[in-house]
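One structure is given below, encoded as structure tokens.
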Amino acid sequence: MKTHPGLRNGPIYLDYNATTPVDPAVVDALTPYLTTYFGNPSSTHAYARQTHEAMETARAQLAHLLGCIPSELVFTGCGSESNALAIRGAALANRFHGNHIITQVSEHPAVLNVCKALARFHGFRVTYLPVDKYGLVNPSEVEAALEEQTTLISIMYANNETGTIQPIGELARIAKRHGVLLHTDASQAVGKIPVDVGALGVDFLTVAGHKLYAPKGIGALYIRRGLQVEPLLYGGGQEGGLRAGTENIAFIVALGTAAVLAEEQLPSTQARLQKLRDRLQQRLEVALPHATHLNGHPTDRLPNTLNISIDGVAGEAVLAATPGIASSTGSACHAGQTDPSPVLTAMGCSRERALGALRLSLGRWSSEGEVDQAADLLAQTIHDLREKRES
């Protein structure tokens with residue numbers, strides 16, 4: 001396996017949940033649309049036809065990965081925009097049906113802050129459901145929270161910090177029985193586990209390109225055919241009138257190519273990453289006996305994600321003292337904060353355990369040798385920090 005050019009001579013990269021390196025094959029696919037094929041796809045001449053066809057090919061490629069029809073996909077600027085378009089767009093378009101939204105306390109800020117804005121500016125009521133010690137929402141509590149005015153449920157597919165996978169199919173069946181729409185932020189799930197919107201039964205699903213080995217600045221939203229959504233951006237009518245602005249053809253091509261690669265590699269990659277993740281966890285448990293605690297579900301979690309707390313040390317201090325590893329203590333959106341992760345706190349973790357957490361996420365270029373070396377480096381740092389504290 002060739003090393004990614006961006007990872008050569010650098011620290012061991014264990015932060016794939018924060019962002020992925022752009023795959024070289026994706027770079028090759030997008031480059032002509034920065035250099036040669038420049039036409040506005042809304043025009044009618046030959047230059048426009050080249051870019052329009054490329055855009056629709058990419059839409060079909062992503063649709064094939066997700067199990068939907070191409071016309072159900074809207075290209076956006078990022079996962080956060082997709083979340084906002086789904087939640088705000090569905091809430092405002094269906095406001096005459098009701099003004100109540102259900103979500104969970106451990107959602108990404110891109111969901112939580114949209115819900116707060118709807119409450120602040122548009123009078124919506126939001127129910128924030130708790131999660132259990134694994135980070136799972138209880139489907140029976142979701143159903144119990146439904147009321148006549150509920151129009152939308154938004155529950156993420158897989159948590160960005162712990163990797164815990166929610167029972168989205170079951171939640172979709174509950175929502176359908178009650179005539180309520182369901183959105184899921186699948187930014188962390190797409191490309192890591194199979195995601196089929198038809199099998200799940202969801203109404204909206206968010207994709208973030210930079211979690212999928214495409215560039216930052218491109219995302220997509222699946223919108224089930226026939227649903228009404230209020231746009232975020234108003235203008236020339238691009239993307240079926242739901243996302244105005246001249247399309248970012250190069251990055252759209254990149255996302256389509258990334259989807260093809262993900263579909264081709266998913267079965268083997270999923271098994272390989274799970275094996276590496278478990279190896280990393282086991283080596284840390286052996287090196288640090290009786291001092292490690294898994295955060296998240298032991299089995300129903302992403303194959304690449306290990307969130308683990310170490311007794312007696314702070315995660316930030318461990319990473320600061322281990323320059324040979326590039327990782328994080330939680331969501332990248334909270335980097336630099338000293339407060340414990342809201343996700344881990346919502347799961348009932350003590351402040352000490354939450355502050356001792358490390359989020360170690362693997363990806364396409366992770367290797368067995370890197371996993372072993374990372375475990376050794378982390379264990380040595382933790383032993384050194386403990387000795388320093390005790391001396």
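The values are calculated or read from the model by the stated rules, or taken from the named source; none is laboratory data. These figures come from a predicted structure and were not determined experimentally. Note that each Cβ is placed from the backbone with ideal geometry, even for glycine, and that neighbours are counted across all protein chains shown.
Being of a type outside the set (S, T, N, Q), under 25 Å from residue 294 (Cα atoms) and assigned to a loop (DSSP other than H, G, I, E, B) is the filter here; which residues of the stretch 104-155 pass it?
Scanning the stretch 104-155 gives 105, 107, 108, 130, 131, 132, 133, 134, 135, 136, 137, 155.
I'm trying to understand the selection: among the residues of the stretch 200-228, which are among the β-branched types (Val, Ile, Thr), part of a loop (DSSP other than H, G, I, E, B) and in contact with a strand residue (DSSP E or B) (Cβ under 6 Å, 6 or more places away or on another chain)? Step through it out loud before you land on a result.
Of the residues in the stretch 200-228, the ones among the β-branched types (Val, Ile, Thr) are 202, 206-207, 218, 223.
Add one more test, that the residue is part of a loop (DSSP other than H, G, I, E, B), and what stays is 202, 218.
Matches in the stretch 200-228: 202 only.
Contact list please: Cβ distance under 8 Å, first residue in the stretch 201-221 and on the phi > 0 side of the Ramachandran plot, second residue of a type in the set (Asp, Glu) and assigned to a loop (DSSP other than H, G, I, E, B), pairs at least six apart or on different chains.
Qualifying pairs under 8 Å: 213/23.
Among the listed residues 239, 263, 230, identify the single one that is touching a residue at least 60 places away in the same chain (Cβ under 8 Å) and at positive phi. Walk me through how you get there before you give the answer.
Values: 263 fails: at positive phi; 230 fails: at positive phi.
After ruling out the rest, the residue left standing is 239.
Restricting to the stretch 6-45, name every residue that is among the β-branched types (Val, Ile, Thr) and modelled with pLDDT of 95 or more. Give the derivation first.
To start, the set of residues in the stretch 6-45 that are among the β-branched types (Val, Ile, Thr) comprises 12, 19-20, 22, 26-27, 31, 35-36, 44.
If the condition is that a residue be among the β-branched types (Val, Ile, Thr) and modelled with pLDDT of 95 or more, then 12, 19, 20, 22, 26, 27, 31, 35, 36 are the ones that fit.
Looking at (1) touching a residue at least 40 places away in the same chain (Cβ under 8 Å); (2) farther than 24 Å from residue 198 by Cβ; (3) aromatic (Phe, Trp, Tyr), which is the only condition residue 124 fails?
(1)
Checking residue 323 against (1) part of a loop (DSSP other than H, G, I, E, B); (2) buried (at least 22 other Cβ atoms within 10 Å of the Cβ), which single condition isn't satisfied?
Exception for residue 323: condition (2).
Condition test on residue 194, is it in the same structural domain as residue 81 (by TED's automatic domain parsing), modelled with pLDDT of 95 or more, under 18 Å from residue 248 (Cβ atoms) and surrounded by fewer than 24 Cβ atoms within 10 Å (Cβ to Cβ)? Steps first, please.
Working: in the same structural domain as residue 81 (by TED's automatic domain parsing): yes; modelled with pLDDT of 95 or more: yes; under 18 Å from residue 248 (Cβ atoms): no; surrounded by fewer than 24 Cβ atoms within 10 Å (Cβ to Cβ): yes.
It is false that residue 194 is in the same structural domain as residue 81 (by TED's automatic domain parsing), modelled with pLDDT of 95 or more, under 18 Å from residue 248 (Cβ atoms) and surrounded by fewer than 24 Cβ atoms within 10 Å (Cβ to Cβ).
Among the residues of the stretch 152-170, which ones are out of contact with any Phe, Trp or Tyr (no Cβ under 7 Å at 6 or more places or on another chain) and free of Cβ contacts under 8 Å to residues at least 60 places away in the same chain?
153, 155, 156, 157, 167, 169, 170
Taking the stretch 156-186, which residues are out of contact with any strand residue (DSSP E or B) (no Cβ under 6 Å at 6 or more places or on another chain) and not in a helix (DSSP H, G or I)?
The answer is 159, 160, 166, 167, 178, 179.
Anything in the stretch 28-50 that is within 28 Å of the chain's Cα centre (by Cα) and surrounded by 17 or more Cβ atoms within 10 Å (Cβ to Cβ)? List them, or say none.
29, 30, 33
Please go through the stretch 236-257 and give me each residue that is assigned to a loop (DSSP other than H, G, I, E, B) and modelled with pLDDT of 95 or more, ordered by number.
Going through the stretch 236-257, the residues assigned to a loop (DSSP other than H, G, I, E, B) turn out to be 236-238, 242-248.
Answer for the stretch 236-257, where residues must be assigned to a loop (DSSP other than H, G, I, E, B) and modelled with pLDDT of 95 or more: 238, 242, 243, 244, 245, 246, 247, 248.
Could you list, in sequence order, all residues of the stretch 66-95 that are part of a strand (DSSP E or B), touching a Gly at 6+ places or on another chain (Cβ under 8 Å) and more than 16 Å from residue 212 (Cα to Cα)? Walk me through it before giving the result.
To start, the set of residues in the stretch 66-95 that are part of a strand (DSSP E or B) comprises 73-76.
If we keep only those that are touching a Gly at 6+ places or on another chain (Cβ under 8 Å) too, we end up with 74-76.
Once the filter is applied, which keeps residues that are part of a strand (DSSP E or B), touching a Gly at 6+ places or on another chain (Cβ under 8 Å) and more than 16 Å from residue 212 (Cα to Cα), the stretch 66-95 yields only 74.
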